[in-house]
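The values are calculated or read from the model by the stated rules, or taken from the named source; none is laboratory data. Since the structure is predicted, the reported quantities are computational estimates derived from the model, not experimental observations. Cβ atoms come from the backbone with ideal geometry, glycine included; neighbour counts cover every protein chain shown. For accessibility, only protein heavy atoms count, side chains too; no ligands or nucleic acids. Shrake-Rupley method; radii C 1.70, N 1.55, O 1.52, S 1.80 Å.
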Amino acid sequence: MLGNNPADENPSEKDPCDALIGRIKYLFTDEFLSSFHPMSGHLRAALQRKGGLYGLVPASVIAACDTKTSNLCKLLNPEVESKPFLALSLIMRAIPRLSGFVVTSKGQLSIQKQNPYPTEIIESSDIQQCSTESILVNAIQIPASLDETIQPVTLDISSSGYYLDVIAQKLGVTDASKVLLSRTIGKASSETRLYFAASESLVMELLSDHANVKDFHVKGLLNARASYFCGQEIYGDAIMASVGYTWRSKELFHEDVSLQSYYRMLISKIPNGNYKLSREAILTAELPSLFTTKANWRGSFPREILCTFCRQHQLSEPIFSPTSIPLKASCKLPRSQKKLKVTEAAELATEYTNGGSSNAGDGESVGLESSFRCEVKVFSKGQDLIIECSPKEIYKKQSDAIQSASLQVLSWLNAYFKDLGMPLEKLNCSADALGIRLTSENFLKEFALCQSLHNVQQCGNQGSKLSESKSTNMEYTLSGQDVCLPNIEGSYSGVCPSSGSLLCISYSVSLVTEGGHTKELIESKDEFEFEIGNGTVVSTLEGVVTQMSVGQCAHFNMNLPPHEFILAAVDDPARIVSLLSSEICSLEYHVTLLRVTEPSEERMEQALFSPPLSKQRVEYAVQHIKKSSAKTLVDFGCGSGSLLDSLLDYPTSLEKMVGADLSQKSLSRAARSELSLSSVSPL
């Protein structure tokens with residue numbers, strides 16, 4: 001049984017207050033106790049508590065672990081979305097209307113069933129009363145003060161106890177009723193949450209009979225780091241732990257949250273960090289500046305990264321609006337006047353690549369080249385427009401247009417995260433340069449916490465030994481004086497990379513102290529592929545490999561990137577902390593160039609010719625046709641007819657075009673292109 005109550009399948013059809021009361025009542029029924037539901041796990045654990053705590057369930061658990069209760073609370077007060085403690089007041093105020101069924105404990109934010117569960121229900125619910133087995137769960141303590149560093153903690157949970165009582169002790173409060181829970185963070189199946197303690201003043205305020213719960217004023221220090229992770233207001237010290245009950249089992253689920261996990265979650269909040277993680281190359285990969293081809297792209301695609309970014313920052317899913325760009329009728333002559341003679345009979349055919357289609361009339365079509373554009377919009381959860389990106393570039397493939405537009409938004413967001421304190425005028429100018437329209441007020445509102453976190457960190461860590469002052473929003477771009485000249489070894493093979501080439505390298509990155517007395521391996525890969533020429537790896541590494549040939553090795557040193565990247569890359573950050581805090585360190589790279597795959601002709605054109613050579617050829621031909629006022633054009637060696645097909649898109653004096661070629665295969669392709677055809681005898 002999954003713990004669904006048929007009576008509240010459509011709570012929106014009821015008064016939200018009545019629906020909330022009905023839902024809470026159902027959660028404490030005999031039927032619900034034995035269900036596979038996260039909330040029922042807490043109810044069973046409450047029956048293992050001792051003394052006066054027996055059967056008491058924290059109200060915060062009901063709001064956090066039952067989705068229907070949470071949604072009803074948000075209907076009653078939308079601020080519950082960002083202030084989870086407001087849901088507790090709504091739940092506690094509903095309890096008096098459930099008199100005779102559930103009761104509260106005086107002075108506590110807890111609820112219990114008034115009449116005991118029948119013995120047979122308890123026995124059928126697999127509740128263990130006498131187990132002494134202990135479960136050790138690694139978690140992270142996040143101090144509210146940014147002057148204090150993140151610390152690992154261990155939760156010692158008895159299998160017959162209640163894990164929230166253990167967390168309460170770690171937070172320094174008397175019982176679990178004062179422990180508040182955030183929403184889950186990370187992947188959808190995650191049970192990782194932030195746990196924090198309600199102050200005495202907040203407990204008293206939540207227990208009082210306020211007429212308007214929107215007027216709550218929380219006293220205490222906002223935990224900027226914890227709040228940044230979950231997008232909700234967290235006050236005081238917090239514990240990040242992955243523990244709780246799930247839909248999959250009645251057993252307590254738990255997994256460790258390490259310092260590495262924390263820092264990986266931190267860098268994943270920025271587009272560049274998300275891309276680095278997708279490549280498992282935190283100290284080597286960089287989010288590319290250009291989307292060239294799907295075949296050459298490695299790691300998560302831009303569209304996927306943008307969607308993840310929006311979820312992590314509690315924004316609505318981005319809206320992608322690809323459009324086909326028909327060729328203007330003013331630039332086309334009637335089809336009846338444009339004929340290409342080929343050496344085989346053929347039927348009139350129109351083929352569009354990648355699912356493209358045409359609904360244009362005679363003389364209008366969606367061309368095979370540069371025929372898609374994509375607009376991207378990002379909205380807040382409240383559907384306020386934040387970012388609108390309308391690139392001017394057009395693409396052959398719809399998918400490329402979507403990926404490229406997504407990358408444009410990500411590139412601008414990256415620039416913002418590197419300089420969170422940039423003035424509003426500069427913010428708007430940088431957006432305009434990339435074809436992005438920014439609703440500044442909405443944008444700054446959504447990222448206000450991020451900005452304040454950066455400013456406080458910069459001030460608060462100046463005297464800290466473990467320098468978090470180099471935070472994730474600082475630019476990881478190293479100038480020439482930050483890098484030792486590379487030492488390249490091995491004989492020259494003559495096979496060298498060029499712009500657009502696909503390279504494969506093996507590499508290792510180590511943290512070394514000044515003088516080389518201590519060396520710790522941080523990251524390595526036996527094979528790592530990337531396209532050169534579009535910023536796919538850190539700029540210094542790209543500069544080094546362009547000087548190498550296949551089979552050669554190089555080693556060089558670089559200054560440190562922001563420390564968060566180093567701590568996210570190592571398996572055990574604890575052993576690196578002392579080096580970072582007490583020694584002058586650098587990164588040492590060892591690289592071997594394994595192979596080079598030359599770019600396709602089309603990719604080479606993009607890299608070496610601007611505009612592409614094919615476009616230059618067409619424009620050259622158009623120029624001479626107009627100059628001579630020619631009526632007929634014959635293309636000897638027409639191949640697949642690409643030049644003739646391109647000329648159809650330009651207004652010229654031509655009335656007839658003929659193509660001739662010795663290659664039967666090329667002419668067959670020409671016959672299938674988007675041209676009016678007539679049959680002639682072979683040449």
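A few comments on the model shown:
- Subset of the stretch 112-148 that is of a type in the set (Ser, Thr, Tyr) and farther than 13 Å from Gly55 by Cα - its residue that is modelled with the lowest pLDDT: Ser131
- Taking the criterion of being charged (D, E, K, R) and in contact with an Asp or Glu (Cβ under 7 Å, 6 or more places away or on another chain), the residues of the stretch 50-81 that qualify are Lys68, Lys74.
Quick grid of which residues meet (1) modelled with pLDDT of 90 or more; (2) buried (at least 20 other Cβ atoms within 10 Å of the Cβ):
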residue	(1), (2)
Leu75	yes, no
Pro78	yes, no
Ser89	no, yes
Lys106	no, no
Ser110	yes, yes
Val153	yes, no
Gln169	yes, no
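- Residue within the stretch 315-335 that is open to solvent by 40 Å² or more (accessible area, probe 1.4 Å), within 16 Å of the chain's Cα centre (by Cα), more than 30 Å from Lys83 (Cβ to Cβ) and at pLDDT 95 or above present: no
- Subset tally (residues that are closer than 15 Å to Asp66 by Cα and modelled with pLDDT of 90 or more) for the stretch 3-32: 12
- Of the strands (runs of 3 or more DSSP E) lying entirely inside the stretch 609-683, those containing at least 1 residues that are open to solvent by 70 Å² or more (accessible area, probe 1.4 Å), at pLDDT 80 or above and β-branched (Val, Ile, Thr) are 632-636.
- Taken together, the residues in the stretch 18-51 that are assigned to a loop (DSSP other than H, G, I, E, B), in contact with a helix residue (DSSP H, G or I) (Cβ under 8 Å, 6 or more places away or on another chain) and hydrophobic (A, V, I, L, M, F, W, C) amount to 2.
- Hey, Ile62 buried (at least 20 other Cβ atoms within 10 Å of the Cβ), over 18 Å from Arg193 (Cβ atoms), among the β-branched types (Val, Ile, Thr) and at pLDDT 90 or above or not: no
- When restricted to residues that are open to solvent by less than 50 Å² (accessible area, probe 1.4 Å), in contact (Cβ under 8 Å) with a residue 12 or more places away in the chain and within 28 Å of Glu564 (Cβ to Cβ), the stretch 422-439 contains 5.
- Look at the stretch 303-319: where a residue is over 16 Å from Trp412 (Cα atoms) and a partner is of a type in the set (Lys, Arg) and open to solvent by less than 50 Å² (accessible area, probe 1.4 Å), sitting 6+ places away or on another chain with Cβ atoms under 7 Å, you get Gln312/Lys269.
- Taking the criterion of being under 28 Å from the mean Cα position of the chain (by Cα), open to solvent by 30 Å² or more (accessible area, probe 1.4 Å) and in contact (Cβ under 8 Å) with a residue 24 or more places away in the chain, the only residue of the stretch 536-557 that qualifies is Ser539.
- Annotation note: Cβ proximity below 9 Å between a residue of the stretch 502-528 that is exposed (fewer than 14 other Cβ atoms within 10 Å of the Cβ) and a residue that is of a type in the set (S, T, N, Q) and in a loop (DSSP other than H, G, I, E, B) (sequence gap 6+ or interchain) occurs for no pair.
- Count of residues meeting criterion [in contact (Cβ under 8 Å) with a residue 60 or more places away in the chain and not in a strand (DSSP E or B)] in the stretch 141-171: 17
- Residues satisfying the stated conditions in the stretch 76-105, i.e. in contact (Cβ under 8 Å) with a residue 60 or more places away in the chain and under 28 Å from the mean Cα position of the chain (by Cα): Glu79, Glu81, Ser82, Lys83, Pro84, Phe85
- The stretch 218-250: number of residues that are at pLDDT below 90, surrounded by 16 or more Cβ atoms within 10 Å (Cβ to Cβ) and charged (D, E, K, R): 1
- Of all residues assigned to the stretch 268-285, none qualifies as being out of contact with any helix residue (DSSP H, G or I) (no Cβ under 8 Å at 6 or more places or on another chain), open to solvent by 10 Å² or more (accessible area, probe 1.4 Å) and under 19 Å from Ser182 (Cβ atoms).
- Search result, residues across the stretch 155-167 that are of a type in the set (Ser, Thr, Tyr) and open to solvent by 30 Å² or more (accessible area, probe 1.4 Å): Ser158, Ser159
- Identity of the residue in the stretch 372-387, under 18 Å from the mean Cα position of the chain (by Cα) and crowded, with 19+ Cβ neighbours inside 10 Å, that ends up nearest to Gln408 (Cα to Cα): Val376
- Gly299 of a type outside the set (S, T, N, Q) and at positive phi: yes
- Restricting Asn115, Asn138 to those that are open to solvent by 20 Å² or more (accessible area, probe 1.4 Å), at negative phi and part of a strand (DSSP E or B) reduces the list to Asn138.
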